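Heads up: the structure comes next, in structure tokens.
Please treat every number below as a calculation from the coordinates, not as lab data. Here the structure is a predicted model, which means the values were calculated and not measured. Here the Cβ positions follow ideal geometry from the backbone for every residue, glycine too, while neighbour counts run over all protein chains shown.
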Amino acid sequence: MQVVPLTGVLGAEVTGVDLADDLSDAQVAELRAAICAHQVVIVPGQRLDPDAQSRFTRRLGPPGPTNFVDPIPGHPDVILVLKTEDEADAFNFGGVWHSDWSFMPEPPSFTVLHAIDVPPYGGDTIWSSMVAAAALLDEDTRTALDGVTAVHTARDAYSPKMAAIHAGLKHMSVRTDESANEEHRHPLLVRHPETGREVLFFNSAYVRDLDGTDDPAPLLRRLHTISTDVRITVRHHWRNGDVAIWDNRSTQHLALNDYAGFRRQLHRTTVGGTAPVASA
Ligand code: SIN
């Protein structure tokens, strides 16, 4: 397995591994260590049908939740991320900065996204390092975060008020329901359970409020600005066969919607995680 960094902050390309193979425990451990260290890895040239993607993903841990998006029929762990040539104006799934399903009590640890049929240009995904974001926090911001907890909720993404927005998607089956209004609180400064590094566990899509401060709006804006600073990002242009595997515990990401007239199809699986634990 060769691991070549893509930037000095996060991201690596991994070659010399076929994810459809029955990988040894040592190979899985090596890959997992690369994902945790680099936060997102790109494994090019893969050919995984949904069963194979699910089998591979389960080597990293139990499957994560697929609530709000119906899985591909017959493949309960795998969701379709698809816009076709004529859907340029339809909702862009994943199009705002977020960490997958951070609104769950135990958010998913990893996401595996496999490019099946992607545009010749556009439709890139960008990740930012929340390890680097934690390191960017100045003393004033750290002081302002003292005693403050993030309120995560999917209400502005998947509650019934969002139904009309998702209805424009012809092929993806996004479901809205009242459970999206639930709130779960997570610490903002978290210790990564595998690397021990400090992480800013924040994303503006699902952190809609802060407990422990009377004036959350300026702090929410400041955290968004810091955590999406271009200096701590990596951008990937997809080719068919690419597999991106990222650590939701140490990154956030967004998908760009700049490929009007082209199809963009990827298959997504996630790995279940644990409740985030405060770093101090
Ligand atoms: C996602 O946020 O899970 C999808 C990202 C993408 O389509 O690039």
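Quick notes on this structure:
- Computed packing ranks the peptides 100-113, 120-133 as 100-113, 120-133, most packed first, by mean other Cβ atoms within 10 Å.
- Descending principal axes extents, segment 2-271, alpha-carbon based, whole Å: 50, 44, 33
- With Cα atoms defining each centre, segment 30-81 and segment 86-158 are spaced 17 Å apart in the structure.
- Phi angles across segment 167-179 convert, under the Karplus curve 6.51 cos²θ - 1.76 cosθ + 1.60 with θ = phi - 60°, into 3J(HN,Hα) values of 4, x, 7, 7, 10, 7, 10, 8, 9, 10, 7, 4, 4 Hz, Gly and Pro given as x.
- One chain, two ends: Asp156 and Leu136. Fully extended at 0.36 nm per residue, the span grows by 4.4 nm beyond their Cα-Cα distance.
- The label-point distance for Glu182 and Ala280, in a model that sets each label 7 Å from Cα toward Cβ, rounds to 3.2 nm.
- Note on the chain: with charges restricted to the Cβ of Lys and Arg (+1) and Asp and Glu (-1), its dipole about the Cα centre is near 220 debye.
- Choice from Val234, Val40, Val148 showing the highest fluctuation, given a GNM over the chain with Cα pairs closer than 10 Å: Val148
- Descending semi-axes in whole angstrom, ellipsoid equivalent of segment 23-79, from the Cα gyration tensor: 22, 13, 12
- 3J(HN,Hα) along segment 74-88, derived from phi through the Karplus expression 6.51 cos²θ - 1.76 cosθ + 1.60 where θ = phi - 60°, amounts to x, 9, x, 8, 10, 10, 8, 10, 8, 10, 9, 3, 9, 10, 3 Hz, with x in place of Gly and Pro.
- Among His184, His75, His253: highest mean-square fluctuation, GNM of the chain, C-alpha pairs under 10 Å: His75
- Extension gain, Asp117 back to Ala29 (0.36 nm per residue minus Cα-Cα distance, nm): 28.8 nm
- Largest first, the three principal axis extents of the alpha carbons in segment 138-233 are 46, 31, 26 Å in whole numbers.
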